[in-house]
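First up is the structure itself, then whatever we jot down about it.
The values are calculated or read from the model by the stated rules, or taken from the named source; none is laboratory data. Quick caveat: nothing in here was measured; it's all calculated off a predicted structure. Ideal geometry is used to build each Cβ from the backbone, glycine not excepted, and the neighbour counts take in all protein chains shown. Just the protein is used for accessible areas: all its heavy atoms, side chains included, with ligands, DNA and RNA removed. Shrake-Rupley method; radii C 1.70, N 1.55, O 1.52, S 1.80 Å.
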Amino acid sequence: MSFSTHFSHAITRRPAASITAGLRAVDIGTPDLSLMLDHHAAYIATLRETGATVIELPALEAFPDSVFVEDTALCLPEGAVIMRPGAPSRLGEAAEMAPHLRALYGQVVEISGADSFIEGGDILVTEREILVGRSARTNAAGIAELTRLVAPWGHSVREVHTPPGVLHFKTDCSLLDSYTILSTTRLSASGCFGGYRVIPVAEGEEAAANTIRFNDVVLMPAGFPKTRDAILAAGFALREIGNSECAKLDGGMSCLSLRFTPRA
Ligand code: CIR
């Protein structure tokens, strides 16, 4: 079973009422908390249906973007790495996540350099390597520190680039199985996925790129029929989850969980 697609656990965090103040590149409306909670519940139920244990953490009002837990840590089978988010308003979210991972993992290490910044949304873990996109949130020092921290666990890091104007590397791509990546053309055109099979996101449906493969199912945002059909045609089981409210804050399927199988 692949450690990059199959997981025993996930951690999520309930959206806070302060989500209305969440970060966004462009203001396309205020997220509706009640609808977001409905979508969030459907997301968690789908993770649970695969047999995984889902740990639901309580809302953190002091951190409007804290529902997007993926950015706080990188979880590998051998241990977890606590991130240093590049968005100043999100920096404190990592410390809020650390004790929960310490309770589950034997080894938890931290990105600690004052000049190091890195967010989980910029990290794509595949069976053979860890790709990290440099972005407005993730810098060279953060990537260098991550590279040093995961080397003893046998993981290699390859630095790639998040397209300009795109929040995170994984805003534009997802792993569907150990050698298949769903990607926007603007990202795959950079050549970063050599050696992988790439399923292109349909033109005009770029917001469909951020999906997750979680055990035997692919969770994707609802409303992108061409990309949905391409994933189905490639033979994957798929569930569409409402994402209209998270999308207002540049969030998608991966942002909403940490997914892992801890080795105690
Ligand atoms: C932010 O700008 O940080 C949040 N509004 C969205 C974070 C999405 N996270 C992710 O893609 N991993």
Inset, instruction - Answer yes or no: is there a residue in the stretch 109-120 that is at pLDDT below 95 and more than 17 Å from G22 (Cα to Cα). - result: no
Legend entry - Matching residues in the stretch 19-35 - criterion: being modelled with pLDDT of 95 or more and either closer than 15 Å to S254 by Cα or within 12 Å of the ligand (Cβ to nearest atom) (or both): I19, T20, A21, G22, L23, R24, P31
Legend entry - D38 vs. criteria surrounded by 22 or more Cβ atoms within 10 Å (Cβ to Cβ) and over 29 Å from T180 (Cβ atoms): no
Inset, instruction - Being assigned to a helix (DSSP H, G or I), in contact with a strand residue (DSSP E or B) (Cβ under 7 Å, 6 or more places away or on another chain) and either more than 10 Å from the ligand (Cβ to nearest atom) or among the hydroxyl-bearing types (S, T, Y) (or both) narrows it down to one of R239, R259, R228, so name that one. - result: R228
Legend entry - Residue satisfying condition, being within 20 Å of I123 (Cα to Cα), open to solvent by less than 40 Å² (accessible area, probe 1.4 Å) and among the basic types (K, R), within set R84, R90: R90
Inset, instruction - For residues that are in contact with a Leu (Cβ under 8 Å, 6 or more places away or on another chain) and in a loop (DSSP other than H, G, I, E, B), scanning just the stretch 54-68, find the one that is surrounded by the fewest Cβ atoms within 10 Å (Cβ to Cβ). - result: P64
Legend entry - So G51, is it part of a loop (DSSP other than H, G, I, E, B), within 16 Å of the ligand (Cβ to nearest atom) and not β-branched (V, I, T): no
Inset, instruction - Would you be able to say whether some residue in the stretch 69-78 is assigned to a helix (DSSP H, G or I), more than 19 Å from K248 (Cα to Cα) and open to solvent by 50 Å² or more (accessible area, probe 1.4 Å)? - result: no
Legend entry - Filter pass, T46 being in a loop (DSSP other than H, G, I, E, B) and hydroxyl-bearing (S, T, Y): no
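Would you mind listing the strands (runs of 3 or more DSSP E) fully within the stretch 119-201 where at least 1 residues are β-branched (V, I, T)?
123-125, 130-134, 157-161, 180-183, 197-200
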Legend entry - Residue check for L256: within 18 Å of I118 (Cα to Cα) and open to solvent by 30 Å² or more (accessible area, probe 1.4 Å): no
